[in-house]
Amino acid sequence: MLSCKFICAGYDYSTYTHHVPAPMFRKSFTVCDGDSAELTITGLGFYEVFINGKKITKGIIAPYISNPDHFVYYDSYDLTPYIKSGKNTLGVILGNGMQNCPGGQIWDFDLADFRGAPRFAFAIEITDKNGNKTVLEADSDVKTHPSAITFDDLRCGCFYDARKEIKGCFLPDFDDSEWQSAVHAETPRGKRIMCTAEPILPTGEPLKPISITKCKKAEYRPRHDVVKEAAEVCSKETDGWLYDFGENTAGIETLKISGKRGQQIDIQFAEFLNENGELEYSNIDFFPEGYSQRDIYILNGEGEEEFTPMFTYHGARYAIVLGLEDEQATEDLLIFTKYSSAIETRGNFRCSDETANELQKIARNSTLSNFYYFPTDCPHREKNGWTGDASVSSEQTSYNFAPEKSYAQWLDNIRAAQTENGQLPGIIPTGGWGYHWGNGPVWDAVLFNLPYQTYIMRGDKKIIEDNAAAFIRYTDYLSKKLNERGLACFGLGDWCTVSVMKPPLELTDTLASMDNMEKASFMLREIGLQEQSDFCRSIYEKLRENGRKYLIDFGTMTAKGNSQTGQAAAIYYGLFNDSEKQAAFARLLQIIHASDDKIDIGLIGTKVLFRVLADFGEADLAYKMITRRDYPSYGHLVEQGLTALPEEFVKDGKFPSSLNHHFFGDYSAWFIQYIGGINVNPHRDGEKNVDIQPRFIESLGFAEAYYDTVCGKVSVHWERSDGKIKLAVNTPDEIYGEIKLPFGYTFEDSRLSYKKLETGNFTVINLF
């Protein structure tokens, strides 16, 4: 049962200048021996739930993050293992979540209609041994009291005063006569729905500090457009201890400390250090002073105390801890636990080159660090569901992990955010921001790429059926949005390019729109909507015709703008005819060589450049461009010691906007697909079709990859041995396809370059 009876502690809510403690609630109920019980619960924003004092919340950051005007997500819990015959108690603590963002003058969540004091609804369904059911919902018996959490915010942090703890307050025998009764709260307008996306859980073992050093707190300067007025919360301490956890990732810390009552510990996080070895805040300056990735704990002085913040998470490698006595700054004081949506690993890659191996780790870390129910950007600052990031990263995410349940849930929200005329915002969920900036065809492609990738790799037609109407609505919107030349030209284009020479917006948006329409046409045809498929195809043909008319110099076979991204994208997305592609590719090589074989790409380029190079026989060049250690390259990120992907290719000594984005990570799929050679459903004729087509990179001694298909694991391993290549392929019996060798290579036993896909060990020779 999904109750619509919402309650709250009051109608006052937190701002930066006015802190309202997170409220606690308790509800007692009685069960008999042999009874079972189930709880369904939601919160606006987040909740922590306890039964008889035991925390049972499914993970951090619950429930699912959404615009409550669209959807209100519920979670269910089996209470039977935790209840006992007689009196029992449900305990709840409510955080602000996204629904009560305190401000900061960015993304406009503080201006959203749904902003308000935290509220929640629940239903406890008790079933006796005869099958009779009793349902308990929020009523006047629910009692409330302020908690020890004095301030909380998803993006900022959690402030906790242990002196205000009320021991045993969620135990059945606790006396709550001094607590207030909860009050009625407005029921949100969104559709009530059960959450099916994976919870936010720990990933791997907690990180211990690799070094602890004395450090000064750097001066913090908020952006010029950020609210400056805020309650003073931070310590006056300027001397602290710097904890380096060795990896830039996302999660929450745990503090273990003994000290005097009233001692205030300030923990502040950052991705990198400034030239003085202090935390650098320039890329998290969206908040008032004292609120930028900061947790505060005030001791109660009762022996060893443990604090793990609630209702927030941080993106960081470093933490400065203020307010410590020297003897308290131990290795055991602070650990950092990585968290993400609990999406399973489905594929991976490894080879003889440690630079490539490190890059694979970096891509996976960045993807997980930014997967909190849905793909987000930068866990240190925004935590927003940027559609373009997710779209361009969807293929590598699908080759490495199992995101389809989370994709399907997020797509519900994407469709809900779509306007009647078909427009999409750049971030989802949104409180209204992103419709007039931050979107465009490259970003809007999320509507098409997530269902497409899921269908191609898992054969799920339902995800197409669920989104078909949105495809058609967007196609109509796009058809009316084209400029006087019949081209798409609106949006952000090739974001975060290496140089200022970005490909023209007309080119990137037209190509992205062509791809969106082609995929929409294909998917609609797959579910039998031929007329609608033809409509999308007609827009594709119009875009392609006009693109060829205005965006190609046929004298030189150059796409407008003369850039690596533009030229590669024009080849990849079919703006050139097949008969023209070889000449266009030769022109791409000229452009690359003019840059000394260094990358000069942005968000779009990372998706297309290396694929085009490999498709035309230049996989070794692509690999060199990826792994070289000088700027700009991916290998240079390893050279710099980075452990996650930045938002831009970072020069030495430059402070970036973010050191943990995932949209530059498509090379990871390239590793699996091209070097490992695993290509799922390459001909779009079924998810059980897999072609094995490895590229034997000259500089590699071995490479291996695997992917868990719908029928089981496909794995490939190749290595050089005595001037030959030993190729091992393992595949389930139900999988069909071919093993294809690159030009110049044959199987030793047949002197052919292809075989029917089968499990086996093969010897490959190079004819040249």
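The values are calculated or read from the model by the stated rules, or taken from the named source; none is laboratory data. Because the structure is a prediction, the values reported are computed rather than measured. All Cβ positions, even for glycine, are placed from backbone atoms using ideal geometry, and neighbour counts span all protein chains on display.
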statement: Listed by first then second residue, the pairs whose first member lies in the range 437-455 and is in contact (Cβ under 8 Å) with a residue 60 or more places away in the chain and among the charged types (D, E, K, R), whose partner is part of a loop (DSSP other than H, G, I, E, B) and surrounded by fewer than 24 Cβ atoms within 10 Å (Cβ to Cβ), with beta carbons under 9 Å and at least 6 positions apart or on separate chains, are 444/423; 444/491
query: Residues in the range 497-518: is at least one under 21 Å from residue 682 (Cα atoms), touching a strand residue (DSSP E or B) at 6+ places or on another chain (Cβ under 6 Å) and modelled with pLDDT of 95 or more?
result: no
task: For the range 1-91, please list each of the strands (runs of 3 or more DSSP E) lying entirely inside it that holds at least 1 residues being of a type outside the set (S, T, N, Q) and in contact with a Cys (Cβ under 8 Å, 6 or more places away or on another chain).
output: 23-31, 71-78
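Among residues belonging to the range 504-551 that are of a type in the set (Lys, Arg) and closer than 13 Å to residue 452 by Cβ, point out the one that is surrounded by the fewest Cβ atoms within 10 Å (Cβ to Cβ). Spell out the reasoning first.
The initial filter retains those residues of the range 504-551 that are of a type in the set (Lys, Arg), namely 519, 525, 537, 542, 544, 548-549.
Subset that is closer than 13 Å to residue 452 by Cβ: 519, 525.
On the way: 519: 22, 525: 16.
My answer is 525.
Tell me which residues, restricted to the range 475-502, are among the β-branched types (Val, Ile, Thr), more than 18 Å from residue 661 (Cβ to Cβ) and in contact (Cβ under 8 Å) with a residue 24 or more places away in the chain. Before you say what the answer is, go through the steps one by one.
First, the residues of the range 475-502 that are among the β-branched types (Val, Ile, Thr): 475, 497-498, 500.
Those still in the list that are more than 18 Å from residue 661 (Cβ to Cβ) too: 475, 500.
475, the sole residue that qualifies.
Specify the residue that is surrounded by the most Cβ atoms within 10 Å (Cβ to Cβ); the eligible residues are those in the range 420-434 that are assigned to a loop (DSSP other than H, G, I, E, B) and either modelled with pLDDT under 95 or in contact with a strand residue (DSSP E or B) (Cβ under 9 Å, 6 or more places away or on another chain) (or both).
Initial filter on the range 420-434 (assigned to a loop (DSSP other than H, G, I, E, B)): 420-426, 428-434.
If we keep only those that are either modelled with pLDDT under 95 or in contact with a strand residue (DSSP E or B) (Cβ under 9 Å, 6 or more places away or on another chain) (or both) too, we end up with 426, 428-434.
Values: 426: 24, 428: 25, 429: 27, 430: 22, 431: 21, 432: 16, 433: 18, 434: 23.
Among those that are assigned to a loop (DSSP other than H, G, I, E, B) and either modelled with pLDDT under 95 or in contact with a strand residue (DSSP E or B) (Cβ under 9 Å, 6 or more places away or on another chain) (or both), it is 429.
Of 490, 448, which residue is aromatic (Phe, Trp, Tyr) and more than 28 Å from residue 403 (Cα to Cα)?
Numbers: 448 fails: more than 28 Å from residue 403 (Cα to Cα).
Testing whether each residue is aromatic (Phe, Trp, Tyr) and more than 28 Å from residue 403 (Cα to Cα) leaves just 490.
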- request: Being touching a Ser or Thr at 6+ places or on another chain (Cβ under 8 Å), aliphatic (A, V, I, L, M) and touching a residue at least 60 places away in the same chain (Cβ under 8 Å) is the filter here, so list the residues in the range 604-651 that pass it.
  value: 604, 626, 638, 644, 645
query: Can you tell which of 297, 291, 318 is modelled with pLDDT under 95 and either of a type in the set (Lys, Arg) or in the same structural domain as residue 280 (by TED's automatic domain parsing) (or both)?
result: 291
statement: For the range 281-294, pairs from a residue that is at negative phi to a residue that is of a type outside the set (A, V, I, L, M, F, W, C) and not in a loop (DSSP other than H, G, I, E, B), with Cβ under 8 Å and 6 or more apart or across chains, are 291/153; 291/157; 292/268; 294/157; 294/266; 294/268
statement: Inside the range 113-141, the number of residues satisfying the requirement of being within 22 Å of residue 158 (Cα to Cα) and out of contact with any strand residue (DSSP E or B) (no Cβ under 8 Å at 6 or more places or on another chain) is 1
- request: Quick one: residue 393 ticks every box in (1) surrounded by fewer than 24 Cβ atoms within 10 Å (Cβ to Cβ); (2) among the small types (Gly, Ala, Ser); (3) at pLDDT 95 or above except a single one, so which number is it?
  value: (1)
task: May I ask you to list the residues in the range 453-470 that are over 19 Å from residue 395 (Cβ atoms) and within 25 Å of the chain's Cα centre (by Cα)?
output: 461, 462, 465, 466, 468, 470
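Condition first: touching a residue at least 24 places away in the same chain (Cβ under 8 Å) and surrounded by 19 or more Cβ atoms within 10 Å (Cβ to Cβ). Now tell me which residues in the range 41-59 satisfy that.
41, 42, 43, 44, 45, 46, 47, 48, 49, 50, 51
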Where a residue in the range 693-710 is farther than 11 Å from residue 675 by Cβ and its partner, wherever it lies, is of a type in the set (Lys, Arg) and assigned to a strand (DSSP E or B), with Cβ under 6 Å and at least six apart: 701/720; 706/713
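Within the range 239-275, can you find the residues that are among the hydrophobic types (A, V, I, L, M, F, W, C) and part of a strand (DSSP E or B)? Step through it out loud before you land on a result.
Narrowing the range 239-275 to residues among the hydrophobic types (A, V, I, L, M, F, W, C): 241-242, 245, 250, 252, 255, 257, 265, 267, 269-270, 272-273.
Correct list: 241, 242, 245, 250, 252, 255, 257, 265, 267, 269, 270, 273.
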task: May I ask you to verify whether residue 226 is under 29 Å from the mean Cα position of the chain (by Cα) and outside the structural domain of residue 91 (by TED's automatic domain parsing)?
output: yes
